[in-house]
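So the structure is just underneath, and the comments pick up after that.
The values are calculated or read from the model by the stated rules, or taken from the named source; none is laboratory data. All figures in this text were calculated on a predicted structure; none of them were measured in a lab. In this analysis, Cβ positions are derived from the backbone assuming ideal geometry, glycine residues included, and neighbour counts consider all displayed protein chains. These area figures cover heavy atoms from the full protein model, side chains too; ligands, DNA and RNA do not enter into them. Shrake-Rupley method; radii C 1.70, N 1.55, O 1.52, S 1.80 Å.
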Amino acid sequence: MDSDKLKEYRLGKLDDVTIADLQKDMEDGMVTSEELVLMFHENISERDSSINSIIEVNPDALTIAQALDIERKLSGPRSALHGIPILLKDNIGTADKMHTSAGSYALKDFYSQEDAVVAAKLRKAGAVLLGKTHMTEWADMMSNDMPDNYCSRSGHVEHPFGDYYIGGSSSGSAAAIALNLAVASIGTETSGSIINPADENSLVGIKPTLGLTSRSGIIPLAPTQDVAGPLAKSVTDAVTVFSVIVGWDADDEITIGAQPFETYDWHAHLKEEGLRGARLAVPRHLFEESITENELELFNESLDIIRSMGAEIIDPVDVGISEEEVGSEVQFFEFKPNLNEYLGKSHPSNPIRSLDDLIAFHKKYPEKMLRYGQDKLEKSNATSGRLNEPEYVEALKKKRLLTGEKGINSTLKELEADAFILPKDFGGNFGAAAGMPLITVPYRFEEENGPFGITFMGPAFSETKLIELAYAFEQKTNGRVKPDY
């Protein structure tokens, strides 16, 4: 390997290349997967020391890349992700030398016995699983006082752009891609945890419809809302990764809805004219009192651009409820039984086998584990774990009814609208509660609060339309900004 060539490629090209660019360069012999891993390793060592987005690097990444380079020569690439380095959030299980800890020091020595289905799909496609990323501990189910950028296993992750809010709980997955420490990453979302850090880090984030991607092998929070999705520097790259991880999983019943999309051509929806003829609704009551005047001005400016591209804007609309009304009670009831199942089925060498064990471990090492308390864990543990409480049933009914039949779905149907459009990550609670998809796209950089994105939200399985909207908007505005490396 020519070190001068790698230095030139890394400093002059790597930050802006797409997955398609990388595939062409590997096919043309300009670069190899092994060299990509080496260059991203160097980026990690140079750029992440003060940010802390990577919780650990896969010690076998280089060997895997070498093998994929040989395979490319022998039989060609497996897919568009062949040889492409991808990062995974630390709650996504991998059956390799990396740990899976959900950011918790209590699981710092824990190894998953098998790949999560999402990880297995990436491996099958030829991706290099480069490492695990920092996350809010237990996906923000630890404490009301814990900041979104903290976990006991690796401390704080800082914002790549400066003194701004980093977002959670997939904060490391977003910061790492903003810093170009890999080509793309996988985050998970229960309520805003993909689109929020995507917005805060000037990235594209896709929060899929509940059931399009499997949760098997991912440390759970609330299965009626949990979903995995990609974070990337462009809509095209996000769609490329998304297309690989979509699919049915016999061990995750809700993914039955993904069967029609097993071999679907998602890239067919990357249309520059994707906003022409679209009807988009603006639920201003969800955000107008929560954003700054500058952010509101940027959002209104984006609407003007979208109108100029042939879309009809229905502004304002009222979905009848606020995001606060949706609540988070369901998560407290669902976390306990599902975490207990996950831990109880883990390897016998794992001493943390239940939520009781976890809470006891924290109390045994309070200086390390209880820096911000554990009131959320204790609240969840106080439930029966049987999911038969009237409060749970009522909360579940309420969130599905309000967000679905009386909120998002009914409003879109009445208006004959394709999607909602919102600033930043607003709408995340609705989308999570109703299992509906959202795509966040960078738009501008706002000095007071940092990167500013636009979010499109539609009904279940409307990703095809959302991709068209997001891609057209991205191509027109080219809004992504990069931090100073």
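Measuring against 32 Å, Cα to Cα, the residue pairs K379/K465; K73/K345; K121/K271 contain K379/K465; K73/K345 as the ones spanning a longer distance.
Accessible surface for the chain, divided over its residues, is 38 Å² per residue with a 1.4 Å probe.
Each residue of region 331-343 was assigned a 3J(HN,Hα) from its phi angle through the Karplus curve 6.51 cos²θ - 1.76 cosθ + 1.60 (θ = phi - 60°); the sequence is 4, 5, 6, 7, 4, 4, x, 6, 5, 4, 5, 4, 5 Hz, with glycine and proline shown as x. The simple spin-label model puts a point 7 Å past each Cα toward its Cβ; for R386 and S410 those points are separated by 3.4 nm.
Given the -39500 (n - 2.57) contribution per DSSP H run of 4+ residues, what per-residue ellipticity at 222 nm results for the chain, rounded to the nearest 500 deg cm²/dmol? After summing the helix terms and dividing by the residues of the chain, the value is -10500 deg cm²/dmol.
The Cα-based radius of gyration and maximum Cα-Cα distance (Dmax) for the chain are 21.3, 66 Å. Over all pairs of different C-alpha atoms, region 78-209 has a mean inverse distance whose reciprocal, the Kirkwood radius, equals 14.7 Å.
Accessible surface of region 127-261, 1.4 Å probe: 48 percent of it comes from carbon and sulfur atoms.
A dipole drawn for the chain from +1 and -1 charges on Cβ atoms has a positive end, and of S214, A184, H41 the residue lying farthest that way is S214. In whole percents, the pair-distance distribution calculated for region 327-419 from its alpha-carbon pairs, binned every 10 Å from zero, is 15, 32, 26, 16, 9, 2. Expressed as a whole percent, the accessible surface of region 1-68 that belongs to carbon and sulfur atoms is 51, based on a 1.4 Å probe.
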